[in-house]
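No value in this document is a laboratory result; all are computed from the given coordinates. Owing to the predicted nature of the structure, the values given are computational and were not obtained by experimental measurement. Ideal geometry is used to build each Cβ from the backbone, glycine not excepted, and the neighbour counts take in all protein chains shown.
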Amino acid sequence: MMDVGRHPNIELYTYSEVTHVEGKAGDFRVTVRRHPRYVDEDLCTGCGQCSDACPIVVPNEFDAGLGARRAIYSPFSQAVPNTFVIDRESCLNDDFLVCENCRKACERDAINYDVAPQDVTISVGSLIVATGIDVFDPYTMKTYGYSVSQNILTGLEFERMLNASGPTQGHVLRPTDRRVPKKIAFVQCVGVRGENDCQYCSLFCCMNSVKDALLAKDHAPEIEEITIFYSDIRAFGKGYESFYNRTKERDYIKYFKGKPSKIVEDPASHDLTIYVEDTLTGKPMEVVSDMVILASAGLPSSDTLKLADVLGIELGQDGFFKTEKENAQLLRSTKEGIFLCGCASGPEDIPDSVAQGSGAAAGAEKYVADFRLPETEEEITPIDVGGPPRIGVFLCHCGINIAGVLDIETMEEYVRSLPNVVHVQNDLFLCSDGSQKLLQEMIKEHRLNRVVSAACTPRTHEPIFQETCARIGLNPYLFEMVNVRDQCSWVHSQEPLLATQRAMDQIRMAVARAQWLEPLEQKEISVEGSVLVIGGGPAGIQSALDLDAQGFPVTLVEKEKELGGRLRFLDRLLPENVPAVDLLQRKLAQLKASGVRVFTETEIKEVGGFVGNFEVSTTKETLKVGSIILASGSDVYDPKDEYDYEKYSNVLTNMDLEGIFAQTDGGEALINGTKPKRVAFIQCVGSRNEDNPHCSRICCPTTVKQALRFREQGTDVAVFYRDMRTVGHGAEEQYRAARGVGVVFIRYPDDQKPVVTKSGKGLRIQAFGTMLNDTVNMEVDAVILAAGMVPKEPDTNTFKEMLKVPRSPDGFMMERHPKLGPVETTTDGIFLAGCVQSPKSAAESMAQASAAAGKAASLVCRERIKLDPTICRVNEALCRGCRTCVSICDFHAPELVETSPGIFVARINEALCKGCGTCAAWCPTEAIAAQHFTDQQIEAMLETMLEEGL
Amino acid sequence: MTEKKTTAKKKTAKKTEKQKFVPKIVAFACNWCSYAGADNAGVNRIQYSPHFRVIRTMCSGRVKPAFVLKAFEMGADGVLVSGCHFGDCHYIFGNYRAVELFEKTKKLVHLLGLEDERLRLEWVSAAEGIRWAELINEFVDQITRLGPSPLSENGKKS
Amino acid sequence: MMNIETIAKATHVNDCLECGKCTANCPISRFTDAYSPRLNVGRFIQGYAEELLQDERLWDCLTCGMCNVRCPADVKYTEFMKRIRLEAFQNGREATCSHGGAIQSLMRIMTSPTMNQNRLEWVPKEFTYSDKGELVYFVGCLPYFDAFFTDLEVNTLDTAKSVLKILNHLDITPVLLKNERCCGHDLLWSGDLENFKKLAKHNITEINKSGAKRVLFSCAEGYRTFKLDYPGYVDGFDIDVVHISEFMAEHISSNGLKLNRFDRRVTYQDPCRLGRHMNIYDPPREVMNSIPGLELVEMRKNRNTAVCCGTSAWMNCNLTSKQIQAYRLKSAKTTGADLLVTTCPKCYIHFKCAQKDENISDQIGIDIQDLTVLTASVL
């Protein structure tokens, strides 16, 4: 959020609404209504004095009503911008009554009650809709008792409760008696999967409850039992299944298959009785719990309908924005130039939402590619900083935020006595424009070559001060900041004397550190403007097309003779049953029409270089590219002798069947030359077991799709499953449709795989079905194995070595961050698209491919990139070439180079180093310096802190 | 409410007068999680003990044995190293490296005869202001109970 | 102010003939022309002593004593270095300490009079030791090195365990001191005299408390420090000091200690402190030669011309150190031996560290063992 707030090319309109849109892709005119905050964004420092003065207390929406806020407030502690806002509904001031406490409290005079809404019109090339979801209010479903008992919370309310900065400060407390509950129950699928007229599955709730069950116990070890009432546990995403498995090992977590019919509160004890059938034993049960958490569904956000009207785009049956069907594009709305991401088009989990955000941006960039902002820089003559340190210390009052607690006068006097301090000054608001200018004048007047400020946190304000220094030519790395507000006056306000003492010590430490600060130069490296895409499946093609649309030179390399990857063997695609072959033809035509250079039957031999400057040698030619997108795909699990797959021709996999369907050309599908009367699907073959613990995500939707296809031709279908994980747009609806047309779903226990034997010409399948709690025997003509996806070997390993990108425990390529960096890797400039990262459907792969394209584009659109100089550097004379740094760096920044025959020393690649300083901590000979956090700087702080006492 | 607080404050003031021992505690906080968590405590105005001093590093993996030993050499009574939770590290595995270094440091500190409690490695995320505050309070209490480091007045470099 | 005359008198620097034999034989000068013993002496005697104190190359000297051996004018260059460093340290100068100064911190921490170490937890249950008795086994830094150098897999405590095994085997119950301190060797050679003296005093007190009359060392540096420097800098030290190699050789020759077969070809690294500083060359060789099957082969440079292990007192470890180590390990390997034996834990650690370089492992890869570990294995 902070990055968005600070980005020079992002104009942020919060508390605003799009009211009118006209024009077309590439040329939209958008009217934005800016609701008044009644607080001036430029003047407000976010100090909160106004809030303290406000007499009104109302429930805090951010804490799901569990906490309170004032009428003038900041919605939550990390809000961006950090400007306060007045909720005029609850504010006492109107045109007749006057309170004005906040206005009087504000030292910056930032509050004005008489501001009218303002309409702004902006011209844009494209629009991205990221309006998210609302949470279903279970109040309307009386049987869940939400309206009756305070001890029933929604999942979101419970999330807030678990949050350390939430209303209970992370303590799990039962609302009626504020005691830690002994027993907690989670109820899944509240308001979805058939309830509340919602057919879809809201996707994220299973993992949310699984995670919260674990967290709740961490927060409150007194909890004895947590029961999760579920229909199917949908642990479908990367790493989810193994997380779920870990929770199953905890003896306090119980998974209970059954959906409560009603929840009743005991009026005296406020305990809750859950009426539910244990569907595994067939017994109706009454389970008593202290607290119930309803995994409440995600609904289209409240203004979806209105916005659809304004934007002129369509909604789907589920009420979310409709995606472009023909090309299975999850990120495009029904109107060109308007993109969708995250939950706008249906519930998504965080990694997919984040990836879709980047993907939508990539799509949108096509329409603004001609308007890239040039990077301008003015020439500034640097100030000579040689000679002994001349330190200036600036103390900020931050209104009364700092000065109200700390004794600024004493501090100032003390700081004057510190070595090398030649100037000390205090200021009401150091970050204000006027004060920053004054700071610049003082630097000149006193010939300061080091600047220390004692104010708020460097995490938000250091860049501002650094820029102020840099503007007049003082190297920004000669600036040092002491946090005397967030980590002093605010948190020790009860003990002003001790707080002042602490502030003075921390300033003394900063001054000691400042003596050792060194000017650092930001190096620039040039960036090749082209991208290499490895792999010509749907993901690779999509990435290449997106980049080409933005005007970047792209090379697509495919190992096989033909492009298309697995798309070539598929029949119809989820979620809209688009024929795969049609889609592929369209994509190939687009590719042909584009400027993408395509090399088939080409392999990558070697990859060298680093971000912006990769050198790739292929079997065809050597390329220089700025970025690489890896879309080398995955393999389908080969069942070999499992279920006698290799032995019997009527034991097939989903993929085999896709091939059969694809060749029927709309006619009937034949297996071994005859139309099967009855077939059985077996789910989770080669997934969710010891060898491959991950869930392959696409097999359940695929099976349902194929079952429906069989029913169209009158073939009976039985599906043997563990949990039906029909995730993805439209999949749950298809699942319900399949049940509707008579597909029999038989759930088998995790530890009892069905047994398939030969029986005449057909097959006999025997399994334990939990529905009837009995063994099921069935004669079928064919068995279809839902074989999962596994990492492609040896390719995945080859690329791991070549690109220096690690693999996750599941064997797929590891992303930079499981939630926040789903397409990035640990190596800058290398991105992942499609199944190489984790199993996905074709549509999902293409959405992620767009994300990778977006990330690559934002890198190669620049001619040069600046490297952060706060990285590690090797003093080669001290280096013994012991390889310690090489072996511990996860970014492969250090490498050994032979400087003279037989002499190897480490060198750190500035483009790869992230500046964590871990290698400097391990280096045995002090050869590595972590710049800006050097040993001398840290030791100087330690020494002065401990020498002079606290 | 206000009254209660003042009496509580007076009591602590008296106590410190009696014991006269104010611990010297160094807290290394990583920039991305723990330092941010400490900021979060500030934004939420959570009150906690001022008897410690913070040194910010980019990553907990930066805190080498030499820093910790130097702190004890210079008379620190307790050292806290704080980083991101596993899986949360800005540098992916920096905190795992921190653990490896910390294990080494811990063994040395143990050999030196310092109580194991004087050196701690903890994880605090950017959202866990309350946890940071509780951690500091708890650590300050713990060190206060242990009393001055047996090395506090000696071993300084001449 | 430094007393130039006193230093000159004690170290005979004024006798320098400017012949340059020292530099020609200096292992540091062999790999870097930034360092020359002759030049340093020259600067000192020709009025640039102050400048010498500021020179960071001052801390490069290994004080290995090779120059002393060669000097025709009897200049005591190592002693000169020691004294110059005391002066430099007084002037606030310091070496680049390896490992960020962690080991120096450990040493300084041990000057604390009130500390109560947990330094005996390594002792295996089957071995006996006491807190009072005739003979003290001075374990030295071994427990600390063992914990600090885990990634080098040096397991220096194996040496201590082996010594204990050997002593117990000979029916000797040694005294192990719970609050033994660092001997101070490294602080002394890096100029921190004040803390060296503190450590020495603590150790003397602890040893006196035990009632022992003799102190046994398994390391070369502790032995030198106790034998030469404690009497030189601290009063009241009057105890017999013995190195484990002398001790074992004595038991083999006069008490009939018999060792088992060990069929390997072995070469031996003379630690500077034991060899050139203390002239102990034969006892370790006697021990090895008494082992049936063991074939001792000498490196080309051995005894008083043996090349140092490349780093001293955890200072200025760098590329040059590594080159010296690689040179020495190559020499060891060219003897055809498959085991390099030493009697100093630091030689052991430094060589092991050099062996981390995979690029030249075919040239420098050789097993390394402490003499005590070897001996204990053939008891």
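Descriptive notes on the structure:
- A Förster distance of 51 Å, applied to the separation of the beta-carbon atoms of A:Thr14 and B:Lys20, puts the FRET efficiency at 0.45.
- Where labels lie 7 Å past Cα in the beta-carbon direction, separation of A:Gln766 and B:Glu115 in nm: 6.7
- Residues listed by number, region A:348-365, amide nitrogen under 20 Å from A:Glu326 label point at 7 Å toward C-beta: A:363-364
- Options C:Ile28, A:Pro388, A:Tyr252, ranked by Cα towards positive dipole end of the protein assembly as shown, top entry (Cβ charges): C:Ile28
- The orientation-averaged shadow of the Cα convex hull for region C:18-134, equal to a quarter of the hull surface, comes to 11.9 nm².
- Between region A:15-30 and region A:716-749, the Cα center-to-center distance that results, in Å: 42
- Highest-fluctuation residue, C:Leu120, C:Leu187, C:Leu62 considered, GNM on chain C with Cα pairs under 10 Å: C:Leu120
- Using alpha-carbon coordinates, inclination of helix A:240-249 to the longest axis of chain A, degrees: 90
- Dipole orientation for chain A: of the candidates A:Gly125, A:Pro496, A:Gln683, A:Gln683 has the Cα lying most toward the positive pole (charges on Cβ; Lys, Arg +1; Asp, Glu -1).
- Counting beta carbons within 10 Å around each of C:Met115, C:Met66 and listing the fewest first gives the order C:Met115, C:Met66.
- Rounded Å value of the spacing that divides the Cα centres of region A:122-191 and region C:238-295: 76
- Springs join every pair of Cα atoms under 10 Å in this Gaussian network model of chain C, and among C:Glu221, C:Glu56, C:Glu121 the largest mean-square fluctuation is at C:Glu121.
- With distances taken between every two different alpha-carbon atoms, chain C has a Kirkwood hydrodynamic radius of 21.3 Å.
- Spin-label model, C:Glu286/C:Val378: points 7 Å from Cα along the beta carbon direction are separated by 1.6 nm.
- Counting all C-alpha pairs of region A:751-814, share separated by more than 20 Å (%): 54
- Considering only chain A, percent of DSSP beta bridges that pair antiparallel, nearest 5: 55
- Relative exposure of A:Cys879, A:Cys431, judged by other C-beta atoms within 10 Å (fewest first): A:Cys431, A:Cys879
- Region A:469-499 and region B:18-48: distance between their alpha carbon centers, rounded to Å: 14
- Relative intensity, log₁₀ I(q)/I(0), of region A:1-80 from a Debye sum that treats every alpha carbon as a point, q = 0.16, 0.25 Å⁻¹: -0.82, -1.33
- The angle between the Cα long axis of helix A:350-365 and the longest principal axis of the Cα atoms of chain A comes to about 80 degrees, rounded to the nearest 10.
- Loop-located chymotrypsin sites (Phe, Trp or Tyr not before Pro) in region C:94-183 (DSSP state not H, G, I, E or B) with no more than 11 neighbouring Cβ atoms inside 10 Å do not occur.
- In this simple spin-label approximation, A:Arg597 and A:Ile525 carry label points 7 Å from Cα along the Cα→Cβ vector, and these lie 2.2 nm apart.
- FRET efficiency for the pair C:Asp33 and C:Lys301, taken as 1/(1 + (r/R0)^6) with r the Cβ-Cβ distance and R0 = 22 Å, rounds to 0.55.
- Within a Gaussian network of chain C (alpha carbon springs, distance under 10 Å), most fluctuating of C:Pro284, C:Pro124, C:Pro27: C:Pro124
- Within straight-line cross-link reach of A:Lys758, lysines at Cα separation under 18 Å, skipping those fewer than 8 residues along the same chain: A:Lys640, A:Lys647, A:Lys677
- Put a plus charge on the Cβ of each Lys and Arg, a minus charge on the Cβ of each Asp and Glu, and nothing anywhere else: the dipole of the protein assembly as shown about its Cα centre is then about 3040 debye.
- Helix A:205-219 and the longest principal axis of the Cα set of chain A meet at an angle near 50°.
- When shorter helices are ignored and each DSSP H run of at least 4 residues is given -39500 (n - 2.57), the per-residue value for chain C at 222 nm works out to -12000 deg cm²/dmol.
- Multiplying the residue separation of A:Lys437 and A:Asp95 by 0.36 nm and subtracting their alpha-carbon distance yields 119.2 nm.
- Residues A:Leu340, A:Leu156, A:Leu946 arranged by fewest to most Cβ contacts within 10 Å: A:Leu156, A:Leu946, A:Leu340
- Along the axis of the charge dipole computed for region A:642-788 (Cβ charges of +1 for Lys and Arg, -1 for Asp and Glu, origin at the Cα centre), the listed residues A:Phe710, A:Ala767, A:Tyr643 are led at the positive end by A:Phe710.
- Neighbours of A:Tyr13 by Cβ distance under 10 Å: Lys/Arg scored +1, Asp/Glu scored -1, total 0.
- Cβ-based net charge around C:Lys165, under 12 Å, with every Lys or Arg adding one and every Asp or Glu removing one: -1
- Candidate lysines for bridging to A:Lys559, where Cα separation is under 22 Å - those fewer than 8 sequence places away on the same chain excluded: A:Lys587, A:Lys592, A:Lys605, A:Lys620, A:Lys624, A:Lys792, A:Lys800, A:Lys804, A:Lys840
- Charge sum, other residues only, whose C-beta stays under 11 Å from C:Glu87's C-beta, Lys/Arg counted +1 and Asp/Glu -1: +3
- Kirkwood-based shape ratio for the protein assembly as shown, expressed as Rg/Rh from alpha carbons: 1.00
- Total lysine pairs whose alpha carbons fall under 14 Å of each other in region A:240-345 (8 or more apart, or interchain): 5
- Gained length - A:Val57 relative to A:Asp751, 0.36 nm times residue gap less alpha-carbon distance: 244.4 nm
- In this calculation the C-beta distance from A:Glu467 to C:Asn279 is compared with R0 = 56 Å, giving a FRET efficiency of 0.25.
- Kirkwood hydrodynamic radius computed over region A:642-788 comes to 15.3 Å, based on all pairs of distinct alpha carbons.
- Free-standing Cys, chain C [no other Cys Cβ under 4.7 Å]: C:Cys16, C:Cys19, C:Cys26, C:Cys61, C:Cys71, C:Cys97, C:Cys141, C:Cys182, C:Cys183, C:Cys219, C:Cys317, C:Cys353
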